[in-house]
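To keep things clear, I will list the structure first and then write my remarks on it.
The values are calculated or read from the model by the stated rules, or taken from the named source; none is laboratory data. Not measured: the values here are computed from a predicted model. Cβ coordinates were reconstructed from backbone atoms using ideal geometry, including for glycine residues, and neighbour counts include every protein chain displayed. Areas reflect the complete protein model, heavy atoms only, side chains present, ligands, DNA and RNA absent. Shrake-Rupley method; radii C 1.70, N 1.55, O 1.52, S 1.80 Å.
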Amino acid sequence: MAFGGQALIEGVMIRSRKHVVACVRTPKKDIVTDIKQINPISEKYRILGFPFFRGIVNMIESLHIGIKSIMFSANNAFEIEGEDGKGPEKIEFGVLEIAVLIAGVLGITAVFFLAPFLLSTWLGLEVGSLVFNVAEAIIRLAMFVGYLSAISLWGQYKRVLMYHGAEHKAINAHEAGVPMDVEHVKHYSRLHPRCGTSFLFIVLIISIVLFTIMPTIMPKMGFAINLAYRMLLIPVIAGISYELLRLSGKYKDSPVTKVFIAPGLAFQHLTTKEPTDDMLEVSIKAVTEVNRLICNA
C-alpha cells in the first residue's frame, strides 16, 4: 500500500486510501495524534476513479485534507493565548476559510501558467511559434526554480522542510520493510519519487509538450484563444502528470524511470532538509499508526 504525506507545522501527516493521520510535536515535547477516516469521492462515483480523472479528484481532496491537517498542527504546535487570557485559542477553519485558501491556490496556479505567456508576448515573440514556446518554458522553469530556492532559504520555513525530509525517510523505510525506529529510518533518503515537488516538475514538462502541440492542432489562434486554452488545459495537465507520477513510483527501479524522475528528485534537495531524531520520531509514529489502521481494517 503506497502512502502519501505532507509536512506540517512541527509535524507530519500520512495518508492511506482510507485514513489520515497527523502527528504533531507540542511545546511540551509530547506527540499528539489526530486520526480521521476518509471516504474518497472516487469510490462513490466510479468514473472519478478512472485514470486521468482520479488525478484531478485527488488534487482537490489532497488540498482539503492538507489544509485541515495544517490547522490541526497549528493548534497544537503553538500555545496561542485566547482573548480572555484564560487558555489556548483554537484556530477556527470553516467552509469560508477553505474556499478562500482554495481560491488563493487557484490564483497562484493561474499566475504560474499565465505570467510566462504574458512575458513571452511582451518580448515580441510570435505566439505559438517554437521560439515562443521555448521562451515560455524557460521562464516558467525559472519561476519554479526561483520559488523553490526562495522557500528553501526562508529561515522560519526550514523546520517544515526538515519535517518534509522526515516524512520521506519514514515512507522510504516503510516501503523497504525495515523496522520502524529512528536508527533504521535515519539512514534512508530524504528524497522520494512521489513527492509533490516531483509532481510540479512533471507538470512543467507536460505543459511544455501540450503548449507546443496545440498550435499544430489549432493553427492561427489569436492572443485570447492562446491565453484561454492555457487555463483550460490545467486539469488535463494535472491528470496526465498524476498518472506519470504514479508510474514513476511503481517502476522506480527502472533505468528509464530513474532518468525521468532525476530532475524532480534533484529539486527535492531544495524542498527537504535532513531531519533531527525527534522529527523522525514524529514521522515514524504517523506511518506506524496508518499501517496499524490498515492491518486492523
Worksheet, complete the sentence: Over region 172-205, the set of residues open to solvent by less than 60 Å² (accessible area, probe 1.4 Å) and within 18 Å of D278 (Cβ to Cβ) is A173, M180, D181, V182, V185, R190
Discussion item. I'd like to know if region 143-158 contains one or more residues that are crowded, with 19+ Cβ neighbours inside 10 Å and without any contact (Cβ under 8 Å) to a residue 60 or more places away in the chain.
Written reply: no
Discussion item. G55 - would you say it is in a helix (DSSP H, G or I), modelled with pLDDT of 85 or more and closer than 24 Å to V236 by Cβ?
Written reply: no
Worksheet entry | Residues within region 164-186 that are more than 14 Å from the chain's Cα centre (by Cα) and either in contact (Cβ under 8 Å) with a residue 12 or more places away in the chain or not in a loop (DSSP other than H, G, I, E, B) (or both), tallied | 16
Worksheet item: So which pairs qualify, if the first residue must be in region 47-61 and of a type outside the set (F, W, Y), the second must be outside any helix (DSSP H, G or I) and open to solvent by 40 Å² or more (accessible area, probe 1.4 Å), the Cβ gap must be under 9 Å, and the two must be at least 6 apart or on different chains?
Response: V57/Y45
Response to the item:
For region 206-225 the number of residues that are open to solvent by 40 Å² or more (accessible area, probe 1.4 Å) and not small (G, A, S) is 11
